[in-house]
1. Which residue pairs have Cβ atoms closer than 9 Å, lie 6 or more positions apart in sequence or on different chains, and pair a first residue in the range 123-148 that is on the phi > 0 side of the Ramachandran plot with a second residue that is surrounded by fewer than 22 Cβ atoms within 10 Å (Cβ to Cβ) and outside any strand (DSSP E or B)?
2. Under the condition of being within 22 Å of the chain's Cα centre (by Cα) and aliphatic (A, V, I, L, M), which residue from the range 81-90 is nearest to Phe228 (Cα to Cα)?
3. Does Met1 qualify as being within 16 Å of the ligand (Cβ to nearest atom) and farther than 14 Å from Ala343 by Cβ?
4. Go through Val123, Val147, Val101, Val207 for me and flag whichever is touching a His at 6+ places or on another chain (Cβ under 7 Å) and buried (at least 19 other Cβ atoms within 10 Å of the Cβ).
5. Only residues that are within 19 Å of Gln79 (Cβ to Cβ), small (Gly, Ala, Ser) and either more than 10 Å from the ligand (Cβ to nearest atom) or in contact with a Lys or Arg (Cβ under 8 Å, 6 or more places away or on another chain) (or both): list them for the range 243-257, please.
6. The conditions are (1) polar (S, T, N, Q); (2) closer than 21 Å to Leu294 by Cβ; (3) outside any loop (DSSP other than H, G, I, E, B), and Gln79 fails exactly one of them. Which is it?
7. Would you mind finding the one in Asp148, Asp152 that is over 30 Å from Thr246 (Cβ atoms), more than 16 Å from the ligand (Cβ to nearest atom) and acidic (Asp, Glu)?
Amino acid sequence: MPELSSDLYGTVSHKLAALKPSGIRAFDKEVSKIPGIIKLTVGEPDMNTPEHVKQAAIKSIQDDDSHYAPQAGKPELLQAISAYLKKTRDVDYDPDSEVVVTVGATEALDATLFSLLNTGDKVIVPTPAFALYFPLIAMTGATAVQVDTSADNFVLTPQHLEEVIAKEGAGVKAVLLNYPSNPTGREYPKELLESLAKVIEKHHLFVIADEIYSDLVYGVDHYSIASFIPERTILISGLSKSHAMTGYRLGYVAGPAQIMKSILKMHCYLVTTVTDSTQAAATEALTNGLDDPLTFRKSYRKRRDMVIDGLTKLGFDMATPQGAFYIFAKIPQFFGNDDEKFARDLATKAKVGVTPGSAFGAGGEGYIRLSYASSEEDIQECLKRIGAFVKGLE
Ligand SMILES: Cc1ncc(COP(=O)(O)O)c(C=O)c1O
């Protein structure tokens, strides 16, 4: 095995070296070693990709669909994404110039942030938030301004946004919203998006809208901020969650043509284009599989209610999640505010894996995130174990 030459030690990118590895992955790795543990840590559907979508991928391979696709994506997929966005959000995107297919929503975020941000720019991120946002923003040389939303049931209010913009002064370039949210499951209602849009417009900002969970909502409708301020919105989504396709790696970005030119340039430098068979599968999902998420939704909703009910009875508090597949629960007061200790004790003593809330930024301290994308049996067993743990210590 090659050993790095000692004269090259410490020469990697300083920006990268300054970043801490993902706390979530590190914690997950640590608790995974505990024998008998059931993990509610992962943000990954436990469902399988619908059969007709798989067949489309298989057919693409068998048809020798194995050459470089156009860099922005295959025309039929770009058309399907544009039609899907029109149908679900009433927003108009030209498939020829305003949509780019990416390697998951992750690359959509990479390409967008690197296209948009300069050193010294600030991006307002309502927290708790998807932890990937922080290192990505840091890598561009910009700064993430964390805005703790825990006092407002985990949504950013227009008043709060105004306050933060006033405090930060010059340099604020964009707001990064994620709804339904990972980790809180909170959705932004239409009126709230409309009033946030006014503030964003007034201050001449971009908004990056990560809507990857938009098809997984429970009892509420999903709206996009793009329907209010399309000229300053970069909309990001993908099929990982809606069609249980995390392993296919399919996401997309939509926005005004002028900014999409830069995003496409970045996308080309990063990955050139997305795998043909993945694009074929996504075209099928967005053409003949628009109802596929409904089955998932029904099942997730049942499990969500199960977890809310179980945890509430045990003294946990939470703002009702209206989408995604996460519960962000406040640890009962008796245990104090150290969520990392609580999660570690729960893992070692009760053999239940959850993610400490602090991993998601400001406002997450004293909380834990549970993913209910697990079987009902596992969820019931976890609730039993958490119950025994909590009662045993109280
Ligand atoms: C809020 C949010 N955005 C983006 C992603 C990345 O999704 P993808 O698998 O499409 O890269 C995730 C994945 O967990 C997520 O939770």
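The values are calculated or read from the model by the stated rules, or taken from the named source; none is laboratory data. Since this is a predicted model, take the numbers as computed values, not measurements. Cβ coordinates were reconstructed from backbone atoms using ideal geometry, including for glycine residues, and neighbour counts include every protein chain displayed.
1. Gly141/Lys15; Gly141/Leu117; Gly141/Asn118; Gly141/Thr119; Gly141/Gly120; Gly141/Asp121
2. Once the filter is applied, the top-ranked residue is Leu85.
3. Numbers: within 16 Å of the ligand (Cβ to nearest atom): no; farther than 14 Å from Ala343 by Cβ: yes.
Criteria not met by Met1.
4. On inspection, the qualifying residue turns out to be Val147.
5. Hits for the range 243-257 are Ala254, Gly255, Ala257.
6. For Gln79, the failing item is (2).
7. Just one listed residue meets the conditions, Asp152.
Residue-wise test of (1) basic (Lys, Arg); (2) outside the structural domain of Met245 (by TED's automatic domain parsing).
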residue	(1), (2)
Lys20	yes, yes
Phe27	no, yes
Ala69	no, no
Leu77	no, no
